[in-house]
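J.: Once you've had a glance at the structure underneath, I'll fire off some questions.
Here, each number is a calculation from the coordinates, and none is a lab measurement. Small disclaimer: the values here were computed from a predicted structure and weren't measured. Note that each Cβ is placed from the backbone with ideal geometry, even for glycine, and that neighbours are counted across all protein chains shown.
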Amino acid sequence: MTLKRLAMAVLAALLFAPLATQAAEIEIEVWAPADENERYRFVAISLAANVLNEELKIEGSDTRVVVKEGTSFGGSQGWAQLKQGFSLAVEAGKGPHIIVGGHEDIPVWGSAGLIYPIEDYIDLEAWPFSDLFPSLWPIMSWNGQVWGIPQDAESRPFFAWNPHLKAIGYSDADIAALPAKVKSGQYTLQNVLEDAKKIQDKGLVEKGYGFYPRATKGGDYWQFYAVQKGGDMYDAKSGKLILDKGALLAYYQFFNDAVFKYGVTKKNHLGMDWDQWYNEVATGKAGLWHGGTWHYARYTRREGLDDFFDKVMFSLIPSGGSGGKATTLTHPLTYLISKRAKGEEVELAARLITIASEPRLNTLHAIASAHLGITNAQTKVSQYADDRWTAEATVLLKSAFALPNSVDFGQYDTLVWKGLTAAWSGDLSPQQAVDTVVKEMQATMGDKVIIR
Amino acid sequence: MRGIRRFLPALFMLPASLSVTLFFVIPVFMTFVFSFTTMSSDTGILGSRYIVSEATIRTLKDGDLDAALVRQLDSRVFAVNEAGLAALRKSNLKPTVVKEIEEKLSGKVYASEKQLFAALKGLSNRPRSFKDRKMVSKAVVQTLKNREFTTPKEFRAGLASIGIEVTDDVFDVLLEVANTSWKWTTGNYSELMASDFTWKILANTAFYVVLTLFFNVGLALVLALVTFYMPSGQSKFFRAVWLIPRVSPSVIYIMLWRWLSFDGGFMSYILGFFGVQPENWLNEFPWTFVIMANGFVGASMGMIIFASAVVAIPADVLHAAEVDGAYPWQQVRRIILPLMAWPILFITTYQTLSLMTSFEYILLLTDGGPGFFTTEVWALNAYHTALSNYYGNLRYGFGATLAVVLVAVGIAMSLIYLRLFDFKKLVAEPQIEN
């Protein structure tokens, strides 16, 4: 009996041994911030692995790639967790081979030596990168090198509820002309407050729902600084961040006015529940608001807003007034290769990213999550071109700006954000908030920021 | 036998001393060391790196180094020379490819990688893949830019490879600027002193600790005494109910508080009947919620200790008091409380120290907001600084500085408590038995 078993074992070993040595499987782990609509941040890489394995077969290579979908970071703490988790994991020799980060992670992780400059591993002159929207390259660059490949693009539009606009005297033609008026600077943030007040005074929405901004902290709020006169954030020549006191004051003043002068925004708005927020803006409980291109997916699916284009107007964020300009924030996520990858893994990761950036594959994410594409060719892929939202919203990208890639951005952003919350709640007047931010920035960040 | 006996006390102490060393002394010492570094998520933790990047060049241009040297450091040319060709011969490029490069491109110099690649694409036996072209580029590039060196020696060799020889003084300057890893500094402590928010956060911490302490020690005492005077069955039930905050997972416990306080929540709903507008009550009264959420958790712990301490008081003492006509309040004030000094000291000390370092309920509830550090306490600030930033800028060194201050205050507080409650007298031999 025992002998028989032994013989079987030997036979089995002989049979399977050649199979085991034939193909070397290399596992590539991916981390991404992804909710249910954003699964294609992972799936695109898994699909790319199928193609890559076929390519490797043709090349006569024994290597095969297996993609492991690692942690997806969701929820309000998701971003901070992703960044903390990645920094600590890679320092400890663990973590993913490919991470989908924000473009602003490039300087921090690049400086710490946690990621490879992608230009060393991917031919950026070759397809599909030869066709990438040119405006995306600077956003992927830091310190003179290109570090990442855009995973998506987006913009963060300004929205208004059309029925309410009509109720305060806008005709259909006026509404249709509004995005252009915003872009040319005829319709400003001042008009936003006035219209919000009219909507509220007519009893169309509850008090504090006239202008209904994003529920929690986010890069979106920098838009209200960027639309002001002098609202620059970065000096490319010196590589330093800029804080413009005038623009900062106008930015704080706008939210302070919205709460105290016009009463169209709630004093305790920030930190509210996102589910409640989405539901309210998608059902006409708010007058004017701002969000992101991906909100479209949420409004039309989970919140059941069927006739989005009839009900909702979208445009750039209106200018802050004379000297300012209408704009919108684009915050492309980016595929980065981490130093967890060694030798052949780096090259395989680079090839996976290249294939996942193919127009058809990237379009899956664009449509599923209502983000924007990354290449010109994508706008001609039927699934993309036929989708009214992506087709129309891609136009906003031309007037978009991005957050600066600077190692000091996080610290700078934290202070400016705290200033906003203080001016918003009325703890400090806008001027006091500006003074506090400036003083604290000078004390703790020294000459890393140009304050003017 | 006698020998063993002499070492027995030390042996008994060994596990405790080991854990104190491992989990207190060493971490505190390391935190102290880290507090004198610029360590952050952009310097990395391990290893040193020297890189001449665009930022390095910018810094050098602002300094007083020789302009020609800086230009040389900034230069990046691709020269197909003998050294480069030798490297290519050793690589796994096909010999025919290397041979054609040698024949047609030898001696040529290109100003950019793009130009080099264009020249390579003109060859018949050309490197076909991007990887191979990169290999050629790496072999012939004459530059220091964006190359990574891990030791000063390597960095010096790198300088020599592009023909730069410098004096030790200049080398030290270059090394300092090119070093992207963390450095020693006392700047964290001066930054702490310079920030206005240091005092605000310190005051917040004191406010939070004192108020929560009063709330939870007071409530614990009340609960222990009230349940003491209740029939046994009822008292057990009430104590069990008061334990719920302690045993529920913090995230769920805080979710209930949030659900209670947000504009669509329970409080707004109830107040709606009285014509009060729905509000995000948490933002309106952040401290009240922070103190209550923490206080209820702490109270249950104190309640258990106090309840058992009350029961431990000899019943005849209380009976005698009752015979003498003492009301329950008088019994509490004159007999129970004095006899409970020891557990009260223990709970107060324990709660002070744990409140000072605990932050998870505040993190989940208000995250230190709203506004400028409104409910940010010291421990939470250390966490935010070192481990949680929306844009990933984690400042380990500065966070360690904050932690060091916390340890110092903690030790000072323990000493003060021991003095205040006259620890020696409390652990003295009971006089009644002498």
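J.: Within 10 Å of each residue's Cβ, count the other Cβ atoms and sort A:GLU358, A:GLU206, A:GLU38 from fewest upward.
T.: Exposure proxy ranking, most exposed first: A:GLU206, A:GLU358, A:GLU38.
J.: Past the 23 angstrom mark, what percentage of all C-alpha to C-alpha distances in the stretch A:323-452 do you count?
T.: Above the 23 Å cut-off, the stretch A:323-452 has 58 percent of its Cα pairs.
J.: When the Debye formula is applied to the Cα atoms of the stretch B:121-232, each taken as the same point scatterer, what base-10 log of I(q)/I(0) results at q = 0.10, 0.17, 0.21 Å⁻¹?
T.: So the normalised log intensities are -0.66, -0.98, -1.13.
J.: Looking at chain A, what % of the alpha carbon pairs are farther apart than 33 Å?
T.: So the pairs more than 33 Å apart make up 41 percent of the total in chain A.
J.: Specify which residue in the list B:LEU65, A:GLN81, B:ALA312 is farthest towards the positive end of the charge dipole of the protein assembly as shown, using unit charges on the beta carbon of Lys, Arg (+1) and Asp, Glu (-1), about the Cα centre.
T.: Of the options given, the answer is B:ALA312.
J.: Under Stokes-Einstein, with the Kirkwood radius over Cα pairs standing in for Rh, what whole-number D in µm²/s applies to the stretch B:50-178 at 10 °C and 1.306 mPa s?
T.: 101
J.: Another question, then. In whole Hz, with x marking every Gly and Pro, tabulate ³J(HN,Hα) for the stretch B:168-176 from phi via Karplus 6.51 cos²θ - 1.76 cosθ + 1.60, θ = phi - 60°.
T.: Karplus values, whole Hz, x for Gly and Pro: 4, 4, 5, 4, 4, 4, 4, 4, 4.
J.: To continue, here is another question. Given an 8 Å cut-off on Cα distances and at least 6 residues of separation, report the relative contact order of chain B as a percent.
T.: 22
J.: Alpha carbon centre of the stretch A:363-409 versus the stretch A:38-112: separation in Å?
T.: 21
J.: Output the antiparallel fraction of DSSP beta bridges having both residues in chain B, as a percent to the nearest 5.
T.: Roughly 90 percent of the DSSP beta bridges within chain B come out antiparallel.
J.: Could you tell me, in Å, what Rg and Dmax come out for the Cα atoms of the protein assembly as shown?
T.: 32.8, 117
J.: A further question follows. Provide the FRET efficiency to the nearest 0.05 for the B:PHE274-A:LYS285 pair, computing r from the beta carbons and using R0 = 30 Å.
T.: The calculated FRET efficiency here is 0.85.
J.: Normalised by the residues of the stretch B:190-433, what does the relative contact order come to in percent, with Cα pairs under 8 Å and at least six apart? Display every interim value, and only then the final one.
T.: Details: 229 pairs, mean separation 58.6, N = 244.
The value is 24 percent.
J.: Could you pull out every residue, at least 5 positions away or on a different chain, whose amide H is within less than 5 Å of the one on B:SER195? Hs are placed 1.01 Å off N in the peptide plane, and Pro or chain starts have none.
T.: Placed amide hydrogens put nothing under 5 Å from B:SER195.
J.: Another question, if that's okay. Would you grab the residues whose amide H sits under 5 Å from the one on B:LYS108? Only those 5+ places off in sequence or on another chain, please, with H modelled 1.01 Å from N.
T.: Here B:VAL80 satisfy the definition.
J.: Any chance you could check the Cα centroid distance between the stretch B:265-334 and the stretch A:164-231 for me, in angstrom?
T.: 49
J.: Take the stretch B:190-433, compute every pairwise Cα distance, and split them into 10 Å bins from 0; I just need the percent in each bin.
T.: Going from the shortest bin to the longest, the percentages are 7, 24, 29, 22, 13, 4, 1.
J.: Then there is this: Distance from the Cα centre of the stretch B:393-420 to that of the stretch A:294-337, in angstrom?
T.: So the two Cα centres are separated by 46 Å.
J.: Chymotrypsin sites (Phe, Trp or Tyr not before Pro), restricted to the stretch B:79-136: which are DSSP loop and have at most 15 other Cβ atoms within 10 Å?
T.: none
J.: Oh, and also: Using a 10 Å cut-off around each Cβ, can you sort B:TYR50, B:TYR390 from fewest to most neighbouring Cβ atoms?
T.: Listing B:TYR50, B:TYR390 from fewest to most nearby Cβ atoms yields B:TYR390, B:TYR50.
J.: At 10 °C and 1.306 mPa s, what whole-number value in µm²/s does Stokes-Einstein give for the translational diffusion of the stretch A:28-150, with Rh from the Kirkwood sum over Cα pairs?
T.: Approximately 100 µm²/s, per Stokes-Einstein.
J.: What is the diffusion coefficient of the stretch A:240-391 in µm²/s, taking the Kirkwood radius over Cα pairs and the Stokes-Einstein relation at 37 °C with a viscosity of 0.692 mPa s?
T.: D = 172 µm²/s.
J.: Counting partner chain Cβ atoms within 10 Å of every residue's Cβ in A:205-215, what's the average?
T.: What the average comes to for A:205-215 is 1.
J.: In nm², what is the average projected area of the convex hull enclosing the Cα atoms of the stretch B:339-434?
T.: Average of the hull's projected areas for the stretch B:339-434 equals 8.1 nm².
J.: Could you work out the pair-distance distribution P(r) of the stretch B:199-269 from its alpha-carbon pairs, with 5 angstrom bin width and percents rounded to whole numbers?
T.: Each 5 Å bin holds this share of Cα pairs: 3, 13, 12, 15, 20, 19, 11, 4, 2, 0.
J.: Right, another one. When only C-alpha pairs under 8 Å and at least 6 residues apart count, what is the relative contact order of the stretch A:278-354, in percent?
T.: Value for the stretch A:278-354: 17 percent.
J.: Check which residues have an amide H placed less than 5 Å from A:VAL146's amide H, if you skip close sequence neighbours.
T.: Amide H to amide H, under 5 Å and 5 or more residues apart or across chains, A:VAL146 pairs with A:GLU119.
J.: Right, next: Using only atoms on other chains, find how many Cβ atoms lie within 10 Å of each Cβ of peptide A:263-272 and report the average.
T.: Other-chain Cβ atoms within 10 Å of each residue's Cβ, averaged: 5.
J.: Using a Debye calculation, one point per C-alpha and no hydration shell, please list log10 I(q)/I(0) for chain B at q = 0.14 Å⁻¹ in order.
T.: -1.30
J.: In chain A, if the dipole is taken from +1 on Lys/Arg beta carbons and -1 on Asp/Glu beta carbons about the Cα centre, which of A:THR330, A:LEU241, A:TRP109 is farthest to the positive end?
T.: In chain A, that residue is A:LEU241.
J.: Right, another one. Taking A:LYS94 as the anchor, which lysines have their alpha carbon closer than 21 Å to its alpha carbon, excluding any fewer than eight residues away along the same chain?
T.: A:LYS68, A:LYS83, A:LYS339, A:LYS342
J.: Taking a quarter of the surface of the convex hull around the Cα atoms of the stretch A:236-301, what do you get in nm²?
T.: Averaged projected area of the stretch A:236-301's Cα convex hull equals 6.9 nm².
J.: Mind checking the alpha-carbon convex hull of the stretch A:92-151 and giving the volume per residue in Å³?
T.: Dividing the Cα hull volume of the stretch A:92-151 by its residue count gives 93 Å³.
J.: Based on the Cβ-Cβ distance of B:ALA320 and B:SER17, what FRET efficiency does E = 1/(1 + (r/R0)^6) give at R0 = 45 Å, to the nearest 0.05?
T.: 0.45
J.: Next question. Between B:LYS425 and B:SER248, what FRET efficiency follows from the Cβ-Cβ distance if R0 is 51 Å, with the result rounded to 0.05? List each step's numbers first, then the result.
T.: On the way: r = 39 Å, r/R0 = 0.76.
Here the calculated transfer efficiency is 0.85.
J.: Still on this structure, please answer the following. Could I have the simple spin-label model distance between B:TRP329 and B:ALA412, label points 7 Å from Cα toward Cβ, reported in nm to one decimal?
T.: 4.0
J.: Turning to a different aspect of this structure: Given axes a ≥ b ≥ c from the Cα gyration tensor, I'd like to know whether the stretch B:192-313 is rounded (a/c under 1.5), prolate (a/b larger than b/c) or oblate.
T.: Oblate, because a/c is 1.5 or more while a/b does not exceed b/c.
J.: Net charge near B:VAL70, counting Lys/Arg +1 and Asp/Glu -1 over other residues with Cβ under 13 Å of its Cβ?
T.: Net charge in that neighbourhood comes out at -1.
J.: May I pose another question? Give the residues of the stretch B:376-407 whose amide nitrogen is closer than 14 Å to a point set 7 Å from the Cα of A:ALA92 in the direction of its Cβ.
T.: The answer is none, because no backbone nitrogen lies closer than 14 Å to the label point.
J.: Using the crude model of +1 on Lys and Arg Cβ and -1 on Asp and Glu Cβ, and no other charge, please compute the dipole size for the stretch B:190-433 relative to its Cα centre, in debye to 20.
T.: Rounded to the nearest 20 debye, it is 240 debye.
J.: Would you mind counting up the charge near A:SER87? Only other residues with Cβ under 13 Å from its Cβ, with Lys and Arg at +1 and Asp and Glu at -1. Don't jump to the answer; show the numbers that get you there.
T.: Numbers: positive: A:LYS83, A:LYS94, A:LYS339, A:ARG340, B:ARG395; negative: A:GLU91, A:ASP105, B:ASP42.
Taking every other residue near A:SER87 into account, the sum is +2.
J.: Let me spell out the model: positive unit charges on the Cβ of Lys and Arg, negative unit charges on the Cβ of Asp and Glu, origin at the Cα centre of the stretch B:1-146. What dipole size does that give, in debye rounded to 20?
T.: 720
J.: Please report the antiparallel percentage of DSSP beta bridges with both residues in the protein assembly as shown, rounded to the nearest 5.
T.: Percent antiparallel among DSSP bridges in the protein assembly as shown is about 65.
J.: With only Lys, Arg, Asp and Glu charged, each at its Cβ (+1 for the first two, -1 for the last two), find how big the charge dipole of the protein assembly as shown is about the Cα centre; round to the nearest 20 debye.
T.: Value, rounded to 20: 1060 debye.
J.: A further question follows. Dividing the Cα convex hull volume of the stretch A:303-363 by residue count, how many Å³ per residue is that?
T.: Values: hull volume 12.6 nm³, N = 61.
Normalising the Cα hull of the stretch A:303-363 by residue number yields 207 Å³.
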